[in-house]
Amino acid sequence: MEFLFAPMEGITFALFRQIHQMMFSGIAEYYTPFIAPDSEGSFKPKYLKDLTADRNYGLPVIPQILANNANAFNITAGKLQALGFTEFNLNVGCPSGTVFAKHKGAGMLTDLNFLDRFLDQIFSESEQKGYRISIKTRMGVYSTQEFPAILAVYHHYPLSRLIIHARDREGQYQSEPDLPGFADALTKCSYPVSYNGNLFSRNHLNRLLACAPGTESVMLGRGIIANPALARALSGGEPLRCQELELFHDALLEGYLQGGLSPVFTVERMKHLWYYMHCMFSDEKKELKFLLKSKTLPDYRAAAMTLFRSGKFCAENCFRDNIH
């Protein structure tokens, strides 16, 4: 089984990717948080900084682009190709209301004729410039029953990979993934296909494989943020240990500080991580509340240490109902 690391806005920056690869095994590709260029192909310099070779040495990184303007996508891909990247991922799955309203991400699925024209332009450019394009998609806007028509559009193009988040846009992250719909799509694709959606434990993976036994690749998102050893565990390796999670946490915290992030912003960034990691600790609402209310670095360190030393850690706690 091949494991891909999903892009997670505000979390999976280069430092996170570096530390994760050093400490945990099993990830074939890391996808970056999306780059959203304007209509002229311009975007914030921080995105280029996050993708420089010195920050990603030895990492299998695929930049993700969020755009509904073909020229903007092509210009962005050209800038990233100059950094040495040879594959880019198009985001056709983000369900955010702000993104959707701009007809980006899953919003592109509202007009399949437009999507077809857009793909024709970016794949024509990719063939000339010699880079590859993969797509991460939802299965529809209002229903996953829309997916056969969407898939028919994708079949026109030489995708390097199709990553299917097996929900419609309306389902956000709460609805049950459409495993039969994914299984049906898997049999109809000639290019590599990866599954995404609600993979938090071996039981979830087994359920997927029972429905779609031909699945050879999955993308892990919220589950691997909560449990950074998830790919190892799903491969039959050891489950995450509390000490490992603490070492990973501390390496990230110190890395942000050494990289010049202020203590205040470091605390906020680490609290963002606990939005996912808190599910690994049962019955620790009081300690977690103290952590999330912390404003200073010393208070945050004290609260985090209390959680790690609580004895309430359990690697099996990482389930969907615990990650809202």
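The values are calculated or read from the model by the stated rules, or taken from the named source; none is laboratory data. These figures come from a predicted structure and were not determined experimentally. Virtual Cβ from ideal backbone geometry, glycine too; neighbours counted across all protein chains shown.
Tabulated data for the structure shown
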{"read-out": "Subset tally (residues that are under 24 Å from THR306 (Cα atoms) and aliphatic (A, V, I, L, M)) for the range 196-250", "value": "8"}
{"read-out": "Yes/no for SER25 being within 19 Å of GLY221 (Cβ to Cβ), in a loop (DSSP other than H, G, I, E, B) and of a type outside the set (Lys, Arg)", "value": "yes"}
{"read-out": "The listed residue being farther than 24 Å from ALA166 by Cβ, loosely packed, with under 13 Cβ neighbours inside 10 Å, small (Gly, Ala, Ser) and at pLDDT 95 or above, out of GLY78, GLY130", "value": "GLY130"}
{"read-out": "Scan of the range 203-227 for residues that are over 19 Å from the mean Cα position of the chain (by Cα) and among the basic types (Lys, Arg), ordered by number", "value": "ARG207"}
{"read-out": "Single match in ILE11, ILE19, ILE35 (criterion: of a type outside the set (D, E, K, R) and crowded, with 21+ Cβ neighbours inside 10 Å)", "value": "ILE35"}
{"read-out": "Top-ranked residue of the range 174-206 - restricted to ones that are in contact (Cβ under 8 Å) with a residue 60 or more places away in the chain and either part of a loop (DSSP other than H, G, I, E, B) or small (Gly, Ala, Ser) (or both), ranked as surrounded by the most Cβ atoms within 10 Å (Cβ to Cβ)", "value": "PHE200"}
{"read-out": "Selection from the range 149-178 of residues that are farther than 16 Å from ALA106 by Cα and of a type in the set (D, E, K, R)", "value": "ARG161, GLU176, ASP178"}
